[in-house]
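Below is one structure, written out as C-alpha cells; the observations come after it.
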Amino acid sequence: MAIGLKAYRDLCHGCGNCVTACPVNSLRSDDVAGGKGPSELLDLIMIVEDGAVQLKNVDLCGKCGTCVESCPVEAIRLEEV
Amino acid sequence: METTEIKEGKDITVERTGEEERKLLFKDPLCAVCGLCETICPVSAIEVCPTGAMIRTEQDTSKIEIDENKCVLCGMCSGICPFQALDLQIDGESIKTMVEYPQIIKSADIDELECIQCKACETACPQDAITITRELPKRADLITGEIEIDKDTCIYCGMCEEMCPVDAIDIAHQIPSSDSPVVATDIEVNEDTCVHCGICKRICPVDAIRQVCRICPYGEYEIEVPEVTGTSYIDPELCVNCTWCQEICPVDAAHVTKPFEGELTIDQDTCQACETCVMVCPCNVLSFPKSEKAGSKPEKLHKDERFCIYCGACEKSCPVDAIDVKRTKINYSPTKSKAWVKAFESLKN
Amino acid sequence: MPKHIVSGLKYLAAVNLRKKGQTQKEIANALGMDRSTVSHYLNGRNISRDSIEVAEVVIEMCPKDSLLLTYTLLKNKERTRTIIRTCQNKRYDGVIKNSCIGCGLCVDTCLVKAIVLNDLKAQIDFKWCCGCLICVEMCPTNSIEIKEVVD
C-alpha cells in the first residue's frame, strides 16, 4: 500500500491555498511562487478548476504534506491509494 | 520454518523460528523515516513511507512496511538504524550486544561530576531524551538574620502576612466576639522560611517588626552556600546523538559521539521554504531565520551542521530535491563479515 | 505403506552401520529402534524384500528428493541425516562466498543440520552435507556453492 495525494472536490472551497503552498508548483511557476494562480498552462500537481481543486500531475508530488497542512477544510489529503 | 509478521498498533514484529529464534522488532514512534533501512536491506524487503507525509500528516499506517515473504532476518536494518527503531533479536538477545556484529559507534553521556544541573540540555534536547533532577537548598539556608515582632504593638492588620514573598508570617485571624474582642489572637514568623528581605518591616504601619539581615554588614563569607545536588539521565532509546546537549552545556559536562560524519548542502535557490525538512529533522538542524531588520533578507533555510547526524531524512523528505546529504564516514566497530562491511560502506556517498 | 519404506530405510542404514563396526546398541540408538528389531533386521528377519527395494530407490533418487522423502517419513533431522549419510555414498564440498550476510536462513533450512553461523558467515560441515542444494536455492545473496566430489 502506497501513500499518495487525493483530492476531495466536493469538500473543496476552491481557495487555492494548496496550489500556492505546494513547493513543487511554486518551483515550476513564478506566478504560483508569488502567491497567484498560474497564468499559463504548466505542468503543476494541482490547480483550481471550476471552483474546486483538481489533481493534474500527481507523479510530480513529493508527498511532503505542505498542501495538506495549508487546506482549511481537509479537501486534499495524503492517504493510502 | 516460516516467517511471520505481527502488527501491534503501528509496531511490527517479524519472526522466524528454526534452529534459532529470530525476531525483528520495529518501534514506530522512534522512527524518523530516514530511509536507511530501506537502502541497506539486501533483499528489498523494506519500504519506507514518504517522510513528509508520515511526519506532517495524520496516518494510520506504520512508517515502514516489511514484506515478511522477502525478509530474511539478517539484521542489517537493525544494525544501521540510528534511531533504535529497529532491533533484531536472536534467541532473545539483541544483535546490538553481540561482538560479531558491527556496532554503530555513538554515545551520549553527561558527566555527573561536572554537571551543574542547569537544565540547558533538557530544554534544548530535540527528542526530550534528557531528564535532569535537582535538589535546591531552602531559601532560608542562603541567608542569615533576625526577626522579631512586638505582639503588644502589632495591630494584626495582616499587611506583612499578605506581602511576605515566602509565606513566612502566619496570623491567627478571627471574627471578634464579645468574649474575645480582637481581630487576631496571635502572629508567628517561621524563621526557617524567612529570607530576611525586610518587606514586612517596611510595610508595617505601626513599626512592630524588628528585622536585620546579617549578610550585608558582615559579608558573604558568613554563610556557607549549600550545594545543589541532582542527577542527569539520557534515555538511550530516545537519544539521537545530535550533540545539542554537548553544544549548549555551559560546563562541558555532556559528551556525544555521532554515528555518521558528512556534509549537508542546501540549494537556497531551489528551496521553496515549505518547511517539510524543518519538521522532519530529528536533530533540530534546520530553521527559518527571521529578518533582523526590514529589507534585509536572510538565507531562506538555515542549517547548523554541528547538530546534524547525516541520517538523510531531510533529503528524503524534500519535494524539490533542494537538500543533499553526503555521508563521508560511518562509525562502526570492526567485524569479520565482508558483506556487512560492504553494506555499511555503501551508505557513504 | 510409509511405515514399510521407513523400515526399508532403517534396514539399509542398520546394515551399513554394522559394516562400519557399530554395535547393535549403537545402531538402535542412532536410528531410534528397539535393539531386538535391529537384531532381526541384521539377520534378515521381519523385513520384506519390497520395503528394501523401495528404500534402495529412495536412496538412489536425486539428493533433494531423497532427503525430502526421508525427512517427511521420519520427521526427525538427526535420524534423517544418519540414514542419508550412511546409505548415500556421494561426497560434497563447496565454498561460502564473502557476500554471505549471516541471515541464518540456510541454518534453519538445512534438514541434515550441516550448517552453522560463524562470525556472520555460514559454515557447512561437509561430513553431513547430502548435496540437496536446498540452501543454495534459498540463499538470498547466492553465496553458497556446493559441488559433488568425484574421485
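The values are calculated or read from the model by the stated rules, or taken from the named source; none is laboratory data. Only a predicted model underlies this, so the values are computations on that prediction, with no experimental measurement involved. No Cβ is skipped: glycine too gets one built from the backbone with ideal geometry, and neighbour counts run over all protein chains shown. Heads up: the accessible areas ignore ligands, DNA and RNA and are worked out on the full protein's heavy atoms, side chains in. Shrake-Rupley method; radii C 1.70, N 1.55, O 1.52, S 1.80 Å.
Flag: B:Ile175 matches the condition of being in the same structural domain as B:Ala208 (by TED's automatic domain parsing), β-branched (Val, Ile, Thr) and exposed (fewer than 12 other Cβ atoms within 10 Å of the Cβ). Restricting attention to region C:111-151, the residues that are over 22 Å from C:Asn98 (Cβ atoms) and part of a loop (DSSP other than H, G, I, E, B) total 10. Residues that are touching a Cys at 6+ places or on another chain (Cβ under 6 Å) and of a type outside the set (A, V, I, L, M, F, W, C) within region B:258-280 comprise just one, B:Thr276.
A quick yes/no check of all residues on (1) of a type in the set (S, T, N, Q); (2) open to solvent by 20 Å² or more (accessible area, probe 1.4 Å):
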residue	(1), (2)
C:Ser39	yes, yes
C:Asn43	yes, yes
C:Ser51	yes, no
C:Pro63	no, yes
C:Lys97	no, yes
C:Ala122	no, no
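Of all residues in region B:182-236, those satisfying the criterion of being within 30 Å of B:Ile130 (Cα to Cα) and of a type in the set (A, V, I, L, M) are B:Val225, B:Val228, B:Ile234.
Scanning region A:57-81 for residues that are at the interface with another protein chain (Cβ under 7 Å from one of its Cβ atoms) and under 12 Å from A:Ala21 (Cα atoms) yields A:Cys64, A:Gly65, A:Thr66, A:Val68, A:Glu69. Please verify whether C:Lys25 is within 30 Å of C:Asn142 (Cβ to Cβ), assigned by TED's automatic domain parsing to the domain that holds C:Ser7 and open to solvent by 30 Å² or more (accessible area, probe 1.4 Å), treating the condition exactly as stated. It is false that C:Lys25 is within 30 Å of C:Asn142 (Cβ to Cβ), assigned by TED's automatic domain parsing to the domain that holds C:Ser7 and open to solvent by 30 Å² or more (accessible area, probe 1.4 Å). Among the residues making up region B:6-27, those that are of a type in the set (D, E, K, R) and either buried (at least 18 other Cβ atoms within 10 Å of the Cβ) or within 19 Å of B:Ile95 (Cβ to Cβ) (or both) are B:Asp11, B:Glu15, B:Arg16, B:Glu19, B:Glu20, B:Glu21, B:Arg22, B:Lys23, B:Lys27. Could we say that C:Lys75 is open to solvent by 20 Å² or more (accessible area, probe 1.4 Å) and within 14 Å of another protein chain (Cβ to nearest Cβ) here? When the stated conditions are applied, C:Lys75 passes them. When region C:113-150 is examined, which residues are found to be away from every other protein chain (no Cβ under 14 Å), touching a strand residue (DSSP E or B) at 6+ places or on another chain (Cβ under 8 Å) and either in contact (Cβ under 8 Å) with a residue 60 or more places away in the chain or among the small types (Gly, Ala, Ser) (or both)? Of everything in region C:113-150, those that are away from every other protein chain (no Cβ under 14 Å), touching a strand residue (DSSP E or B) at 6+ places or on another chain (Cβ under 8 Å) and either in contact (Cβ under 8 Å) with a residue 60 or more places away in the chain or among the small types (Gly, Ala, Ser) (or both) turn out to be C:Cys130, C:Gly131, C:Leu133. Take the conditions surrounded by 14 or more Cβ atoms within 10 Å (Cβ to Cβ) and either assigned to a loop (DSSP other than H, G, I, E, B) or touching a His at 6+ places or on another chain (Cβ under 6 Å) (or both) and apply them to B:Val72. Does it pass? Yes: the conditions hold for B:Val72. For B:Cys118, state whether it is away from every other protein chain (no Cβ under 13 Å) and surrounded by fewer than 23 Cβ atoms within 10 Å (Cβ to Cβ). Against the criterion (away from every other protein chain (no Cβ under 13 Å) and surrounded by fewer than 23 Cβ atoms within 10 Å (Cβ to Cβ)), B:Cys118 qualifies.
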